[in-house]
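The values are calculated or read from the model by the stated rules, or taken from the named source; none is laboratory data. Remember, it's a predicted structure, so these values are computed and weren't measured experimentally. Neighbour counts are summed over all protein chains in view; Cβ atoms, including those assigned to glycine, are modelled from backbone coordinates with ideal geometry.
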Amino acid sequence: MPRRKIKLSVWAERNGVSYKTAHRMFSKGQLPVPATQLNTGTILVIEGDEDDEAAEGTATAILQELKQINWRLRRIETHLGLD
C-alpha cells in the first residue's frame, strides 16, 4: 500500500480523537502513527504503513481509556459536589 500524508485533524477525526488530544499526543511523541511537522506548523500523519491495523488498535485502546478516565472523573466531581 502506498504511503500518503494526511493532516493531523483528518487523522484525529477518523480515529475518534479530538484534534487537541491528537496534537498533545504528537507533542509528547505518543501518537501511534508516524507523523512530521512542516515549517509552517502543519502536522502530517503518514498513512499506509504496514502497521496501520496495529496503530488503529492502539488509537482505539487509547480512546477507550480516555473515555473511562473521563467517566471516573465525572463521578468523582459529582460525589464531591464539584459539577
Starting from the range 61-74, take each residue that is closer than 15 Å to M25 by Cβ and list its partners that are surrounded by 10 or more Cβ atoms within 10 Å (Cβ to Cβ), counting only C-beta distances under 6 angstrom and pairs at least six apart or across chains.
-> L63/G16; L63/V17
Regarding I6, is this residue touching a Pro at 6+ places or on another chain (Cβ under 8 Å), modelled with pLDDT of 85 or more and surrounded by 13 or more Cβ atoms within 10 Å (Cβ to Cβ)?
-> no
Determine if the range 11-28 includes at least one residue that is more than 20 Å from G57 (Cβ to Cβ), surrounded by 14 or more Cβ atoms within 10 Å (Cβ to Cβ) and at pLDDT 95 or above.
-> yes
Just name the residue that is nearest to R3 (Cα to Cα) out of those in the range 31-66 that are surrounded by fewer than 12 Cβ atoms within 10 Å (Cβ to Cβ) and at pLDDT 90 or above.
-> T36
